[in-house]
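The values are calculated or read from the model by the stated rules, or taken from the named source; none is laboratory data. Remember, predicted model here, so these are calculated numbers, not experimental data. All Cβ positions, even for glycine, are placed from backbone atoms using ideal geometry, and neighbour counts span all protein chains on display.
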Number of protein chains: 2
Amino acid sequence: MAAEMRALSGRADLCSINTATLGFQRPLGEVIDAVARAGFGGIAPWRREVEGQDVAGLARQIREAGLKVSGYCRSTYIPAASKAGFRDNVAANRRALDDAARLGASCFVMVVGSLPQGSKDLAGARAQVKEATAELLPHARQLGVRLALEPLHPVYAAERSCLTLLSEALDWCEEIEPAAASPALGVAIDAYHVWWDPNLARDVGRARGRIAAFHVCDWLVPTSDVLNDRGMMGDGVIDLPGLRKLVEGAGYAGLVEAEIFSAQNWWKRPIEDTLDVARQRFSTCV
Amino acid sequence: MAAEMRALSGRADLCSINTATLGFQRPLGEVIDAVARAGFGGIAPWRREVEGQDVAGLARQIREAGLKVSGYCRSTYIPAASKAGFRDNVAANRRALDDAARLGASCFVMVVGSLPQGSKDLAGARAQVKEATAELLPHARQLGVRLALEPLHPVYAAERSCLTLLSEALDWCEEIEPAAASPALGVAIDAYHVWWDPNLARDVGRARGRIAAFHVCDWLVPTSDVLNDRGMMGDGVIDLPGLRKLVEGAGYAGLVEAEIFSAQNWWKRPIEDTLDVARQRFSTCV
């Protein structure tokens, strides 16, 4: 049975802010306070803001601000040209998982990487990612942090993610962790990456029980830069309510997270202004 | 049974040049001569070079130069905000099909278009394209020109093609023209658009009998512009021999067509130089 869609109007507590949305202009401590002050229910920090800092202190600050951690971004790219490189990448992800647990993150977002320098072997890259995921999974389970495989838009297939289709991410989940009653391996569904997929309704339905994160932004027309010209919800062509209906219909009841890479627009604005607009758009456009 | 891969070395006669590769620097008449002089077996012209010209004369020139026409580029985008706009688009494609037949083109390349201005309704755009394709098909069959549905890379989903996956193109073929012994509806498989697809082997195999065109170029790392920074075969990360093996294994025996949009590089070079490099790369990298 499809669940009713939640009403997001006036419910910023159901929404989370990925700190990349604010352009890393200010230290995480200040961002935590600004996000909480704006009324949001969650935050998703990046390793660049956390590693080398007082992680326990940041975790306490987030908790005391009343924020959940909807995800911890992101994995070290996994495929490597050498076995030693592969081992290093797995080890880096294992350490990042420890921090994800310290922060109380509900998932560790896995942007998996793709072709090692000079390689044209996508199948080989995919095999490395599956091997690493299987190896990291028991550690994640023990820590109580879900691994969230994030299929990226195929425009990133060469450099950032050999994992592109939601259906492929689900295939990997079922292969690596079959028939789990309470899966520790799931997927992150990001509107920007999947909105175009003709099999979206089928695959989101299939993702029931595996949806560890739901990210929103918008696809601008025109897009000047596929990496860093993503749009605020409502400014582009993605049918976000339609997608949220699918995601919640598949049982997802977690936070809806705004993640907007926008070097020329939102990253140049005061973070309070961006938070204000994001809160309004969650109410009206998602 | 998988066919043997053809040897392309020294066989430019098995290769075709899409005129976009040469940047439209010179009139089609001169391009025809240059392509034939370079030893290629075919050419794929664009409507911008043909419409308003002496089409019968161009067709004769191509024939007398010993060139086949591997495709005629491309369809007017189909989805429109109004019924009148949709009718206009279908009519424009009907006229272009007549020119495709005059040129002796083996197929008419359908880049189908996507969201009308202001729309977020991808499903509606897809329905319009299927309706138009079904309507154009009898005309194409009568003319002896195949319709080649070209799934475009998902990066173009908002503005250029609501049709992105090869599997979706094949679904449409089977829906619109089921169980055809000699299908007039087929697909154009372009390496740039499909190389990342995890289901590529499965779907190319499924395309047997429907492959109307096979286009090659390369995906550069980094890519500065997803529209006009495509690479010469061998300069990027696509496993072109692997893809050609799949395509020929599925029974394709037509010309292999180079189509390279490259505003900052190849389009700035003398067309004879580009043809020379393309001929070498067909021999060694495809």
Exercise. Does B:VAL129 satisfy being outside any loop (DSSP other than H, G, I, E, B), among the aliphatic types (A, V, I, L, M), within 12 Å of chain A (Cβ to nearest Cβ) and farther than 20 Å from B:GLY85 by Cβ?
Worked result: no
For this session: Within the range A:174-210, track down each residue that is under 17 Å from A:ALA140 (Cβ atoms), surrounded by 22 or more Cβ atoms within 10 Å (Cβ to Cβ) and not small (Gly, Ala, Ser).
Result: A:LEU185, A:VAL187, A:ARG210
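Check the range A:43-55 and report whether any residue there is on the phi > 0 side of the Ramachandran plot, under 21 Å from the mean Cα position of the chain (by Cα) and modelled with pLDDT of 95 or more. Outline the logic, then answer.
Restricting attention to the range A:43-55, the residues satisfying the condition of being on the phi > 0 side of the Ramachandran plot are A:52.
Now narrow it down to the ones that are under 21 Å from the mean Cα position of the chain (by Cα): none.
Within the range A:43-55 (the criterion being on the phi > 0 side of the Ramachandran plot, under 21 Å from the mean Cα position of the chain (by Cα) and modelled with pLDDT of 95 or more), the answer is no, since none of the residues qualifies.
What's the total number of residues in the range A:132-149 that are of a type in the set (S, T, N, Q) and either within 10 Å of A:MET110 (Cβ to Cβ) or at the interface with chain B (Cβ under 9 Å from one of its Cβ atoms) (or both)? I'd like the intermediate steps shown before the answer.
Narrowing the range A:132-149 to residues of a type in the set (S, T, N, Q): A:133, A:142.
From what's left, either within 10 Å of A:MET110 (Cβ to Cβ) or at the interface with chain B (Cβ under 9 Å from one of its Cβ atoms) (or both): A:133.
Looking only at that region, the number is 1.
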Problem set entry | Those helices (runs of 4 or more DSSP H) lying entirely in the range B:150-253 with at least 2 residues closer than 29 Å to B:LEU22 by Cα and away from chain A (no Cβ under 14 Å) | B:240-249
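Within 30 Å of A:ASP225 (Cα to Cα), in contact with a strand residue (DSSP E or B) (Cβ under 6 Å, 6 or more places away or on another chain) and of a type outside the set (Lys, Arg): does that describe B:THR274? Please lay out each step first, then the result.
Values: within 30 Å of A:ASP225 (Cα to Cα): yes; in contact with a strand residue (DSSP E or B) (Cβ under 6 Å, 6 or more places away or on another chain): no; of a type outside the set (Lys, Arg): yes.
Criteria not met by B:THR274.
Scanning for something at negative phi and crowded, with 22+ Cβ neighbours inside 10 Å, does the range A:118-126 turn up at least one residue?
Checked the range A:118-126: at least one residue is at negative phi and crowded, with 22+ Cβ neighbours inside 10 Å.
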For this session: Name, by its number, the condition in (1) within 14 Å of chain A (Cβ to nearest Cβ); (2) among the aliphatic types (A, V, I, L, M); (3) in a helix (DSSP H, G or I) that does not hold for B:ALA278.
Result: (1)
Exercise. What pairs can you find where one residue is in the range B:244-273 and over 23 Å from B:GLN25 (Cα atoms), the other is aromatic (Phe, Trp, Tyr) and buried (at least 22 other Cβ atoms within 10 Å of the Cβ), and their Cβ atoms are less than 7 Å apart, with a gap of 6+ or different chains?
Worked result: B:VAL247/B:PHE214; B:TYR252/B:PHE214; B:GLY254/B:PHE214
Exercise. Residue check: is A:SER119 facing another protein chain (nearest Cβ under 9 Å) and either outside any helix (DSSP H, G or I) or without any contact (Cβ under 8 Å) to a residue 24 or more places away in the chain (or both)?
Worked result: yes
Problem set entry | Selection status of A:PRO138, within 23 Å of A:ARG87 (Cα to Cα), without any contact (Cβ under 8 Å) to a residue 12 or more places away in the chain and of a type outside the set (Lys, Arg) | yes
